[in-house]
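Right, one structure below, let's go through it.
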Amino acid sequence: MDKSSWWHRLCTFLSLGLLFLLLLAAHYWAGDYYLRLLNTTAVFITMAVSYNLINGICGQLHLGPNAFVTLGAYTAALLTLTPAEKQASFLIAPLVWPLSDLALPFPLALLAGGLVAVLFAYLTGFPVLRVRGDYLAIVTLGFGEVIRVLANNLQTVTNGPMGLKGLTPYTNLWWSWGVAVLTVATVMGLKKSGFGRAMQAIRADETAARAMGIEPFRHLLLAFLVSAFFLGVAGGLLAHLITTISPTLFTFFLTFNLLIIIVLGGLGSTTGAILATIIITWGNEWLRVVEEPLDFGTFRLPGIPGLRTVIFSLLLLVLIIFYRRGLLGRWEFSWDWLFRKIQGRPDGG
């Protein structure tokens, strides 16, 4: 191992250690509100980074991540509920066997949620990944709607519109941020590998990539499966964070939010997806103050419901106008870049 690689690994371990200390401090001293916000941020980092693997790194317009989040959420939720809890929840129609008698620890339930998402991604990947562009967007959008409709109507599996309630809040800082770190490490490792370079070649020019001996379908299917796995795991984390799920939680609005995040951060940039997730999650909360009544001496300005959404939308519009490739474009953070900045050297130096 050369000196540069040694320094890179040392800096990575130190940054992970710093993250651990920050989470430990938050665990003991942060209030419930900030803990909830930190967990939500980590779960959406997992979703955004894995979703960006298809839309950004591979350059394919995929509009069905809500389907895999739904599959992961319901699978993990059903597997962590005890048989007695399932019997109490399924009032209209009993839950099908063996789900009615099966109960697993939270880690295995999360893994199962990811694997179920992978299974559906594999089955749908063969027909879905044969098309490109607008056709791919329409097909994946339809797949997401099919899963949502099934979740709303399969009474003996999902409890229909009533959803699942009373889930144990297993999702904590260690689970949410641990999975987020694993997701980022996996996607970044894949991006830097030969497979990742082939995916980026497909994004740049699929015909030229094929002429160079790259099989687009095989590489896109791999990205599709990896993305689906982490989206499914994120769904399980989300379910056990809010402790109640229903089909209305997994509409296209979830996909739309993820699309805003990866476009704002920069399509193809994992660093950008993380940054945009933090900005949107925390910024949306901080803007709540504009919906509360404000006092200016003797003059009182009443709160305006929905003003937060209007202001946030205008800010996003301004950012997209001035940063058409997103905040970071396709740029990725690296320790080499940081060392050059510290030493005052230009990026090419």
* Limited to region 145-166, what total is found for residues that are polar (S, T, N, Q) and free of Cβ contacts under 8 Å to residues at least 60 places away in the same chain? -> 1
* Structure fact -> Residue hits (region 104-133; part of a loop (DSSP other than H, G, I, E, B), surrounded by fewer than 17 Cβ atoms within 10 Å (Cβ to Cβ) and in contact with a helix residue (DSSP H, G or I) (Cβ under 7 Å, 6 or more places away or on another chain)) are L104, V131
* Asked: Applying the selection to region 116-135, what residues are at pLDDT 90 or above and not aromatic (F, W, Y)?
  -> V116, A117, V118, L119, A121, L123, T124
* **Matching residues, region 182-195, being at pLDDT 90 or above, out of contact with any Ser or Thr (no Cβ under 9 Å at 6 or more places or on another chain) and buried (at least 16 other Cβ atoms within 10 Å of the Cβ)** => L190
* To do: Considering every residue within region 63-72, establish whether at least one is buried (at least 24 other Cβ atoms within 10 Å of the Cβ), more than 30 Å from A209 (Cα to Cα) and touching a strand residue (DSSP E or B) at 6+ places or on another chain (Cβ under 9 Å).
  => yes
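Check A211, A201, A228 and return the single one that is of a type in the set (A, V, I, L, M) and over 23 Å from T270 (Cα atoms). Even if it seems obvious, please write down each step before you answer.
Values: A201 fails: over 23 Å from T270 (Cα atoms); A228 fails: over 23 Å from T270 (Cα atoms).
Result of the check over A211, A201, A228: A211.
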* Can we say R197 is part of a helix (DSSP H, G or I), among the basic types (K, R) and touching a residue at least 60 places away in the same chain (Cβ under 8 Å)? -> no
* Asked: Do we find a residue being assigned to a helix (DSSP H, G or I), modelled with pLDDT of 90 or more, closer than 16 Å to I54 by Cα and among the basic types (K, R) anywhere in region 146-153?
  -> no
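The values are calculated or read from the model by the stated rules, or taken from the named source; none is laboratory data. Given the structure is predicted, the values throughout are model-derived calculations rather than measurements. Ideal geometry is used to build each Cβ from the backbone, glycine not excepted, and the neighbour counts take in all protein chains shown.
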